[in-house]
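Everything below concerns the one structure shown next.
The values are calculated or read from the model by the stated rules, or taken from the named source; none is laboratory data. Note that this is a predicted model, so its numbers are computed, not measured. Cβ coordinates were reconstructed from backbone atoms using ideal geometry, including for glycine residues, and neighbour counts include every protein chain displayed. Each accessible area value is taken on the protein alone, full model and side chains, heavy atoms only, with ligands, DNA and RNA left out. Shrake-Rupley method; radii C 1.70, N 1.55, O 1.52, S 1.80 Å.
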Amino acid sequence: MSPTEVRTDAFATLAQTLDERWTCRQFRPEPVPRQTIEDLLRVAQRTPSWCNTQPWQLAVTEGAATERFRAALLEHVRTAAPATDFAFPARYDGIYRDRRRECGFQLYDSVGVVKGDHEGTTRQALRNFELFDAPHVAIVTTEADLGVYGAVDCGLYIGTFLLAAQTLGLGAAPQAALASYAPFLREHFAFPDNRRVVAAISFGYPDTDHPVNGFRTRRADLTEAVTWFGE
C-alpha cells in the first residue's frame, strides 16, 4: 500500500467518524470499564496544544462518585445563581441565533416539548445537571495563567475526546452548562485556585432507543465558512 493510499484510508476513517458522531442526551446505566476509559484518555492526550503545554486536567467520576455528584449538582442549581470562570456568549445574532434555535427546536421536538411549554423546557434544561443519566462525567479544567489560549487548547482536547469516544462505541455530551456553576465544581472536586473550569463531558453507553438521541444537527456548507484568496 502506497503512502497516498494509507493517507486516503485514514482520511476516510476520520470523515466517517465525524459524520457519525452526535451528542448523546440519554445514556444506559451500565458503567464503562476503567480500561476502556483509560484507552480513550490516552488517545485524547495526543491532542495538540500551544507550545505543547497540554493545559487540560480532568476529574473523572465513576460509580458512587457519579451519583453523589449528580445529586449534589442538581440540588445546587435549583437555588444558586450561575457563576462562570469564562464569560459565556453575550448574545446570539443572525446565523448563530438561527443555528442555535434550529438545534433547540430539534431537541424539544424529539422529547415532545412544544413551543410555549416553559415547564417542559425547564425540565429538559435540568437534564444537563442530571448528566443525562450518564454513569461518568469528566470535568475539564485549564491553567489560569494560560488564559483564553489554555481554554482553546482544552476545546481541542474535548474534540479529540468526543471522536475517540465515538470510535469506542460510547456516547458523549460536551456540556458548557456545568461550567456555569464553576465555584460549586471547584469546591466539590477540590480544584486548586489556579485551575479554571472550561466544560464537562458526560459519557457512557448511549441509549439508542430513546427519541432524544434520534435527531442530528446540520453543518454549514464551505461557502458559509471559507473565503478563498488567490491569484
>> Here is a list: Gly120, Gly169, Gly159, Gly155. Which entry is open to solvent by 10 Å² or more (accessible area, probe 1.4 Å) and either more than 16 Å from the chain's Cα centre (by Cα) or at positive phi (or both)?
In response: Gly169
> Just to be sure, is Gly150 touching a strand residue (DSSP E or B) at 6+ places or on another chain (Cβ under 7 Å) and either surrounded by fewer than 17 Cβ atoms within 10 Å (Cβ to Cβ) or not basic (Lys, Arg) (or both)?
Replying inline: yes
> Does the range 7-46 hold any residues that are open to solvent by 80 Å² or more (accessible area, probe 1.4 Å), among the charged types (D, E, K, R), more than 30 Å from Ser110 (Cβ to Cβ) and not in a loop (DSSP other than H, G, I, E, B), and which are they?
Replying inline: Arg7, Asp9, Arg34, Arg42
>> Can you pull out every residue in the range 111-152 that is among the aromatic types (Phe, Trp, Tyr) and closer than 18 Å to Phe189 by Cα?
In response: Phe129
> How many of the residues making up the range 79-98 are without any contact (Cβ under 8 Å) to a residue 40 or more places away in the chain and either surrounded by 11 or more Cβ atoms within 10 Å (Cβ to Cβ) or not small (Gly, Ala, Ser) (or both)?
Replying inline: 8
> Considering only helices (runs of 4 or more DSSP H) fully contained in the range 116-221, which possess at least 1 residues that are of a type in the set (Asp, Glu) and touching a residue at least 40 places away in the same chain (Cβ under 8 Å)?
Replying inline: 147-167
